[in-house]
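Here is the structure we will look at.
The values are calculated or read from the model by the stated rules, or taken from the named source; none is laboratory data. Keep in mind that what you see is a predicted model, and the values were worked out from it rather than measured. Ideal geometry is used to build each Cβ from the backbone, glycine not excepted, and the neighbour counts take in all protein chains shown. These area figures cover heavy atoms from the full protein model, side chains too; ligands, DNA and RNA do not enter into them. Shrake-Rupley method; radii C 1.70, N 1.55, O 1.52, S 1.80 Å.
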Amino acid sequence: MPKFSLKQISGVVPAMLSTFGEDEKLDLKRARALTSHLCEKKIGGLYLTGSTGEGFMMTAEERKAFVEAVIDEVDGRVPVIVHAGAISTAASEDLARHAAKAGADAISSVPPIYWRFSDDSIAGYYADLVQAAGLPMIVYNIALAGLVSFEMIRRLGAIDGVEGIKYTSTTHYDMFRIKEALGEDFRVYSGSDEMAVSGLAFGSDGIIGSTYNLLADLFIRLDEQMKAGDLAGAERTQKEANRLIFCLLRYDLLPALKLLLKSEENVDAGICRRPFTRYAPDQQAEIIADFRGIKRELGL
């Protein structure tokens, strides 16, 4: 049984990095260290094995091992959402069932990818995953996997067990429309880190993002400012965060996040699997200096 309902998942939810050693093998000791580090902050939960977690670069057994280690380390401190998406429904169902068995509170998935599937096929995919897991489903809407239309979101939201969406798009006005169409109980999570204020202002129930692995403190401050009605303060915090985000985006994001976690937070999240960039020592020094320079300018 899940420890948390979807209504209890809010606030800042890092889309957690997966941890690999220098040989690119999964490193569960590093996974536990990163989990502990994030749980010590006021995060609202963790989102595992999605895009940030290099889920599609991992075998099913690796994904399961990572999920088990993280959930064990979390030990009920925060909710856990597991991205169970794979290319086939059968593979996704297997990951969804495992997530439920491992103690996840919800599952998530991008729409079926690579082939251009019909709306009926996409709807069937989500219905099958919900049935397999018996957990709430958060649809993952992101351009990387092909955004689904507003009408398709309405259709998916009508499926029993589909209870939310991770909305990684700039069309934030649709968040109002989603709530109007599916009701206030349907959970909407904003997935664009650089637009967190906009997402929260347009009715999202929380924010899920990559850079929260490194910038959680800034976004927790932003979330608290929004809850307190301090829009001006939240906008200032967003601008500070965006200076750092745009610095990260000058490089390969995930390798840069892992490098800076080690240099700035003393948390070794390992490396990314190829074909993500493997930065040479001089390039690493440049990234660290660039990031620290902006932090100094901001007084952080």
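Data overview
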| read-out | value |
| --- | --- |
| Residue among Gly85, Gly103, Gly44 that alone is of a type outside the set (A, V, I, L, M, F, W, C) and under 27 Å from Thr277 (Cα atoms) | Gly85 |
| Helices (runs of 4 or more DSSP H) wholly inside the range 172-290 that include at least 2 residues being open to solvent by 30 Å² or more (accessible area, probe 1.4 Å) and modelled with pLDDT under 95 | 173-182 |
| Test: residue in the range 68-77 that is within 22 Å of Glu264 (Cα to Cα), in a loop (DSSP other than H, G, I, E, B), charged (D, E, K, R) and at pLDDT 95 or above | no |
| Long-range neighbours under 8 Å by Cβ, at least six apart or interchain, first residue closer than 24 Å to Glu54 by Cβ within the range 109-130, second of a type in the set (Phe, Trp, Tyr) and open to solvent by 60 Å² or more (accessible area, probe 1.4 Å) | Pro111/Phe117; Tyr125/Phe117 |
| Subset of the range 57-67 [touching a residue at least 24 places away in the same chain (Cβ under 8 Å) and surrounded by fewer than 20 Cβ atoms within 10 Å (Cβ to Cβ)] | Met57, Met58, Ala60, Glu62, Lys64, Ala65 |
| Residues being in a loop (DSSP other than H, G, I, E, B) and surrounded by fewer than 18 Cβ atoms within 10 Å (Cβ to Cβ) - total across the range 5-16 | 1 |
| Pair list, Cβ under 6 Å, 6 or more apart: the range 23-40 residue in contact (Cβ under 8 Å) with a residue 60 or more places away in the chain, other residue of a type outside the set (Gly, Ala, Ser) and open to solvent by 40 Å² or more (accessible area, probe 1.4 Å) | Arg30/Asp268 |
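Here is a yes/no grid of residues against (1) among the aliphatic types (A, V, I, L, M); (2) under 18 Å from Asp223 (Cα atoms); (3) at pLDDT 95 or above:
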residue	(1), (2), (3)
Phe4	no, no, yes
Ile9	yes, yes, yes
Pro14	no, yes, yes
Ser18	no, no, yes
Gly21	no, no, yes
Ala33	yes, no, yes
His37	no, no, yes
Glu40	no, yes, yes
Tyr47	no, yes, yes
